[in-house]
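Report on the following structure.
The values are calculated or read from the model by the stated rules, or taken from the named source; none is laboratory data. Remember, it's a predicted structure, so these values are computed and weren't measured experimentally. Every residue, glycine among them, receives a Cβ derived from its backbone with ideal geometry; neighbour counts consider all protein chains shown. The protein model used for the area step is the full one, side chains on, heavy atoms only, and it has no ligands, DNA or RNA in it. Shrake-Rupley method; radii C 1.70, N 1.55, O 1.52, S 1.80 Å.
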Protein chains: 2
Amino acid sequence: MGPMDRNDRITMAHGAGGSVMRELIQEFILKELGGSKAEVPLEALDDASVIDGIVLHSDSYTVKPIFFPGGNIGSLAVSGTVNDISVVGAKPLALACGVILEEGFPTEDFKRIVRSAAETCREAGVHIITGDTKVMEKGSLDRIVINTSGIGTRTEALEHNLRVVREYREMESQWLLDSNLRPGDKIIVSGTVGDHGIAILSAREGYGFETEVKSDARPLNRMIQRLLEVGGIVSMKDPTRGGLANALNEWSEKSGVGVLLQEERIPVREGVRAACEMLGIDPLEIANEGKVIIGVVPELADDVLTALKRMEEGRDAEVIGEATSEFGGVVMETSPGGKRIIPPPYGDPVPRIC
Amino acid sequence: MGPMDRNDRITMAHGAGGSVMRELIQEFILKELGGSKAEVPLEALDDASVIDGIVLHSDSYTVKPIFFPGGNIGSLAVSGTVNDISVVGAKPLALACGVILEEGFPTEDFKRIVRSAAETCREAGVHIITGDTKVMEKGSLDRIVINTSGIGTRTEALEHNLRVVREYREMESQWLLDSNLRPGDKIIVSGTVGDHGIAILSAREGYGFETEVKSDARPLNRMIQRLLEVGGIVSMKDPTRGGLANALNEWSEKSGVGVLLQEERIPVREGVRAACEMLGIDPLEIANEGKVIIGVVPELADDVLTALKRMEEGRDAEVIGEATSEFGGVVMETSPGGKRIIPPPYGDPVPRIC
């Protein structure tokens with residue numbers, strides 16, 4: 001029995017990116033909407049879909065508060081969609097943006113948000129080429145929500161990357177999917193985890209951590225294309241809702257491999273660690289908006305790490321673990337020397353994180 | 001001075017598809033987000049944009065009530081986006097769907113909506129291949145909003161249509177844009193106007209018209225591709241928010257031609273006419289979701305009309321007017337024999353119509 005049977009109302013957990021949402025999708029939505037002949041279909045539940053060589057992605061943003069340390073809903077909406085298109089290996093070609101505003105929303109705030117979106121587009125080198133604006137009556141919407149969708153296409157860097165992978169082992173997929181990981185592949189994270197979630201939570205609840213923790217939201221498409229020029233990357237994913245724990249469990253499940261993590265290698269900013277300890281939250285379950293996890297053939301792991309560390313977006317990158325055939329699921333070797341299973345989170349511990 | 005200077009708050013009119021929204025877009029959004037090298041860029045403000053031969057479109061749906069005679073927010077969200085992709089001449093290739101739900105939303109209603117969306121997809125022969133679900137706390141959103149975006153591509157029917165047009169006159173554009181109308185072109189509407197708006201209004205306010213007026217929301221992509229096989233079509237548009245009045249004024253302005261309408265030729269269902277008279281609303285300003293206006297070279301107008309009338313979606317089609325160089329704007333010859341200027345509506349008279 002899924003959550004749809006146990007409960008006849010939608011709960012916050014249905015939108016939190018974890019196991020409850022996955023049950024909703026797998027038990028109902030895929031049955032109704034699946035069955036396309038897309039190259040990467042809905043059923044793959046990957047970061048983006050692909051049809052006729054065109055990558056398509058869509059995400060709605062309901063983040064609260066709409067302004068937070070390190071960004072706002074406009075910059076986040078552009079970064080998030082750019083990154084989801086990029087992690088399958090594509091170059092973002094164009095974005096579409098749908099804005100829904102609450103009647104009475106301050107025009108100056110709307111302008112700030114659009115300007116941030118425009119600035120983030122320039123950083124990513126992509127344009128919003130279409131969109132629409134709707135307004136709902138006062139009290140019908142909490143301020144503003146934004147949907148950003150977009151398309152992307154293959155690049156020469158992606159082809160090069162796949163050629164390099166195939167010097168070391170077989171790889172059927174033409175894209176960097178969740179299902180591509182194989183035992184022995186190294187797993188790299190491009191920087192510190194948990195920054196976005198703690199920044200949002202802190203700004204919302206006024207804990208004061210925001211003085212030291214900023215959201216990491218930023219477009220990573222340029223960084224990703226440069227990594228593909230190095231080559232050897234089999235899979236890539238941005239650990240948003242449900243954080244590293246959710247992303248790695250998706251890899252493990254879809255690739256049919258175990259993931260062994262080294263806790264001491266996972267970069268966590270001091271302010272994030274302190275906030276998590278105080279709030280009783282696992283930093284591995286918290287959303288990131290400017291980080292990727294990278295699965296890479298072991299022979300190329302050092303080269304990819306070196307390339308990452310040379311870039312500002314990747315300077316805190318680390319190899320945090322590897323794929324294995326010795327067990328299923330995600331297991332972490334903790335700093336004291338024990339082992340801990342990292343289960344798929346029920347949902348993101350922080351609601352309306354993105 | 002635009003509305004942004006006169007008023008520092010967003011009003012319902014900013015989302016109503018009329019002149020207030022156009023001012024907001026032209027005076028602010030285009031300056032921030034414009035400047036792409038898209039084939040049909042944001043600045044065209046057309047039904048969809050085109051980049052590298054790929055048509056991209058996005059629309060958010062906030063319709064109230066979410067269930068109405070003739071459809072619901074799910075079927076509407078699919079039809080609307082399919083139609084906006086189709087009216088530039090493309091065949092919809094795939095859709096992406098972002099759903100935002102209010103916490104506590106009945107699961108059964110959500111299922112009904114997804115099933116309707118799936119059914120409409122089957123009718124259109126297109127799939128939703130990606131999407132996401134977000135949930136906002138109870139009281140933060142009025143039930144559910146949906147964003148549907150999608151991509152489309154050129155077809156052989158479109159190429160044929162353009163070849164036929166060019167047998168009669170020059171046409172530079174590769175797509176059926178708002179700016180393509182030329183003096184002498186005939187204007188056809190594919191059926192009765194105002195059905196969607198009156199159905200929504202009636203369902204919302206309980207006027208009782210809903211017993212006779214149903215929303216016309218339906219996907220028109222198959223009908224449109226069949227019309228392109230006839231050929232001679234220069235421009236096509238779906239008259240949604242702001243209705244026929246808004247759509248024709250956009251054509252007039254962007255094409256730099258006048259539009260002369262014959263009131264007696266415009267098909268209006270009896271129930272819609274009665275409702276409009278009672279409520280003091282102009283049926284020409286009311287949204288449609290299953291109709292298109294078609295600009296066609298005069299020599300092919302009869303052929304296109306005949307083809308339309310053979311199809312269920314177009315059986316009430318009529319030639320309602322023509323483009324002219326004798327004046328600017330939209331003018332209607334009224335049934336009593338006078339002339340009336342049809343100005344661009346300030347906004348749609350019915351809020352949250354789609």
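A few notes on this one:
- Chain A - percent relative contact order, Cα under 8 Å, separation 6 or more: 23 percent
- The protection proxy used here, the mean number of other Cβ atoms lying within 10 Å of each residue, ranks peptides A:94-102, B:9-17 as follows, highest first: A:94-102, B:9-17.
- Calculated [222 nm] ellipticity per residue, helices only, for chain A: -9500 deg cm²/dmol; basis is -39500 (n - 2.57) per DSSP H run with n ≥ 4, divided by all residues, nearest 500.
- Protein accessible area in segment B:9-85, 1.4 Å probe - carbon and sulfur %: 53 percent
- R0 of 35 Å, Cβ-Cβ distance B:Gln174-B:Glu119: FRET efficiency to nearest 0.05: 0.60
- Average partner coverage of A:39-45, which counts Cβ from other chains inside 10 Å: 3
- Accessible area per residue for segment A:1-158, computed on protein heavy atoms with a 1.4 Å probe, is 30 Å².
- Mean accessible surface per residue for segment A:217-354, computed with a 1.4 Å probe while every protein chain stays in place, in Å²: 38 Å²
- Test item: B:91-100 mean partner chain Cβ contacts at 10 Å: 6
- For segment B:89-217, the fraction of alpha-carbon pairs lying more than 19 Å apart is 69 percent, rounded to a whole number.
- Sorted into 10 angstrom bins from 0, the C-alpha pair distances of segment B:171-280 split as 12, 39, 32, 15, 2 percent.
- Buried area at the A-B interface (accessible, heavy atoms, 1.4 Å probe, summed, Å²): 6600 Å²
- Comparing Cα centroids, segment B:156-222 and segment B:35-114 end up 16 angstrom apart.
- Shape of chain B, Cα gyration tensor, a/c cut at 1.5: rounded
- Sequence-separation-based contact order of segment A:84-181, relative, with Cα cut under 8 Å and 6+ spacing, percent: 45 percent
- Pairwise Cα inverse-distance average, inverted: Kirkwood Rh of segment B:45-106 (Å): 13.1 Å
- Less than 5 angstrom separates the built amide H of A:Ala94 from those of A:Ile151, all sequence-distant by 5 or more or on a different chain.
- Taking the charge dipole of segment B:201-281 about its Cα centre, with +1 at Lys and Arg Cβ atoms and -1 at Asp and Glu Cβ atoms, the residue from B:Gly271, B:Val234, B:Ser255 reaching farthest to the positive side is B:Val234.
- When the Cα positions of B:Leu300, B:Ala157, B:Pro349 are compared along the charge dipole of chain B, B:Ala157 comes out farthest toward the positive end, with charges on each C-beta of Lys, Arg, Asp and Glu.
- Within 10 Å of the Cβ of each residue in A:50-58, the mean number of Cβ atoms contributed by other protein chains is 6.
- Mean Cβ neighbour count within 10 Å, used as a protection proxy, ranking B:126-138, A:118-130 highest first: B:126-138, A:118-130
- As an equivalent ellipsoid, the protein assembly as shown spans semi-axes of 47, 26, 22 angstrom, where each value is the square root of five times an eigenvalue of the C-alpha gyration tensor, largest first.
- Each DSSP beta bridge with both residues in the protein assembly as shown is either parallel or antiparallel, and the antiparallel ones are about 75%.
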